[in-house]
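The values are calculated or read from the model by the stated rules, or taken from the named source; none is laboratory data. Keep in mind the model is a prediction, meaning the values are calculated, not measured. Positions of Cβ are backbone-derived with ideal geometry, glycine not excepted, and every protein chain shown enters the neighbour counts. Protein only, heavy atoms only, side chains kept; ligands, DNA and RNA dropped before computing areas. Shrake-Rupley method; radii C 1.70, N 1.55, O 1.52, S 1.80 Å.
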Amino acid sequence: MSSNSTNTRRAFLEKAFNTGVWATVATSGLLSSLVKAMADVPTELPLGQSIYNFAGDVKVDGKIITKDNMAKTVIRANSLVVTGEDGWIIFAVGKDAHHLRENSHLALESSGVFEEAMRLLAGSVLSVFATRKPNEKQYKMHTSTATVGIRGTAVYAESDTALNRSYICTCYGNVKISARANPSISENIQSAHHDSPRYIYADASQGDIIQPAPMKNHNDAELQLIEAIVGRTTPFSSV
């Protein structure tokens, strides 16, 4: 690794430490995956490369991902990505990037070459989305209990089938969250920095279907990394 590369990586990691995000990383069990993912300085993926890094049991369109086939595996706008108990994967499709966690089932959807929607059938994902133009179709994120309308933002989502609820944190940007149980129940969220996380329940048995929630299980270091692999920075980062 060159001295410039080493210095850039050190600056990136120092910023992560100085902003306190590593305390969140360590306590949420993400430390090992992020340390492995940031073994090199996060940079924009080369044209034609989909996967930045992965570990454990990961399948793309039914094919097991290995270190040998990782660089040649193309994740398309309609791919199915599944992780096992010890699996995770960081990847990009076009100008959108995702960190899919363990025990997750993510179906991407599109009528063309660009992502138009995703279905998080189980598990959790942190995603950053390129800005959609007014004449472009609004991106839709579907979880087990919610639909999220996106035009360009960052979102962390969990589909918790055991608790019959989803968790949505709008890390930055604007979204519209609607309950799948009753789409007329919705909320427009405008967030600068994890301002308004929400639980969305499958029904009203727990009270309001959409409820305030804490910021949890994700962090700014992850966001900086996945924005970097599509050539962007977070609104609160200059590294």
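Give the residues of segment 75-88 that are over 12 Å from Glu109 (Cα atoms) and open to solvent by less than 60 Å² (accessible area, probe 1.4 Å), sorted by residue number.
Our first condition is that a residue be over 12 Å from Glu109 (Cα atoms); within segment 75-88, this holds for 82-88.
Those that are over 12 Å from Glu109 (Cα atoms) and open to solvent by less than 60 Å² (accessible area, probe 1.4 Å): Val82, Thr83, Gly84, Gly87, Trp88.
Within segment 56-73, which residues are surrounded by fewer than 18 Cβ atoms within 10 Å (Cβ to Cβ), of a type in the set (A, V, I, L, M) and either under 17 Å from Arg101 (Cα atoms) or under 18 Å from the mean Cα position of the chain (by Cα) (or both)? Explain how you work it out, then say what you get.
So the first thing to find is which residues in segment 56-73 are surrounded by fewer than 18 Cβ atoms within 10 Å (Cβ to Cβ), and the list is 56-57, 59, 61-64, 66-69, 71-72.
Adding the requirement that they be of a type in the set (A, V, I, L, M) leaves 64, 71.
Across segment 56-73, the qualifying residue is only Ile64.
Which members of segment 106-118 meet the condition of being surrounded by fewer than 17 Cβ atoms within 10 Å (Cβ to Cβ) and modelled with pLDDT of 95 or more? Working first, answer last.
Our first condition is that a residue be surrounded by fewer than 17 Cβ atoms within 10 Å (Cβ to Cβ); within segment 106-118, this holds for 107, 109, 111-114.
Answer for segment 106-118, where residues must be surrounded by fewer than 17 Cβ atoms within 10 Å (Cβ to Cβ) and modelled with pLDDT of 95 or more: Ala107, Glu109.
Quick check, is Tyr172 free of Cβ contacts under 8 Å to residues at least 60 places away in the same chain, over 16 Å from Leu108 (Cα atoms) and within 15 Å of the chain's Cα centre (by Cα)?
Numbers: free of Cβ contacts under 8 Å to residues at least 60 places away in the same chain: no; over 16 Å from Leu108 (Cα atoms): yes; within 15 Å of the chain's Cα centre (by Cα): yes.
Judged against the criteria, Tyr172 is not a match.
Cβ-Cβ below 7 Å, separation at least six or inter-chain, first residue in segment 91-117 and outside any loop (DSSP other than H, G, I, E, B), second aliphatic (A, V, I, L, M) and open to solvent by 50 Å² or more (accessible area, probe 1.4 Å): which pairs?
Matching pairs, first to second residue: His105/Leu121; Ala107/Leu80; Ala107/Leu121.
Can you tell me which residues in segment 86-136 are farther than 17 Å from Arg151 by Cα and basic (Lys, Arg)?
Hit for segment 86-136 is Arg101, nothing else.
Looking only at residues that are open to solvent by 40 Å² or more (accessible area, probe 1.4 Å) and closer than 22 Å to Leu80 by Cβ in segment 16-55, which one is modelled with the highest pLDDT?
Gln49
Determine, yes or no, whether Leu163 is over 15 Å from the mean Cα position of the chain (by Cα), of a type in the set (A, V, I, L, M, F, W, C) and at negative phi. Write out each step before concluding.
Numbers: over 15 Å from the mean Cα position of the chain (by Cα): yes; of a type in the set (A, V, I, L, M, F, W, C): yes; at negative phi: yes.
When the stated conditions are applied, Leu163 passes them.
Could you list all residues from segment 71-90 that are without any contact (Cβ under 8 Å) to a residue 60 or more places away in the chain and part of a strand (DSSP E or B)?
In the first step, residues of segment 71-90 are kept if they are without any contact (Cβ under 8 Å) to a residue 60 or more places away in the chain; the result is 71-89.
Once the filter is applied, which keeps residues that are without any contact (Cβ under 8 Å) to a residue 60 or more places away in the chain and part of a strand (DSSP E or B), segment 71-90 yields Leu80, Val81, Val82, Thr83, Trp88, Ile89.
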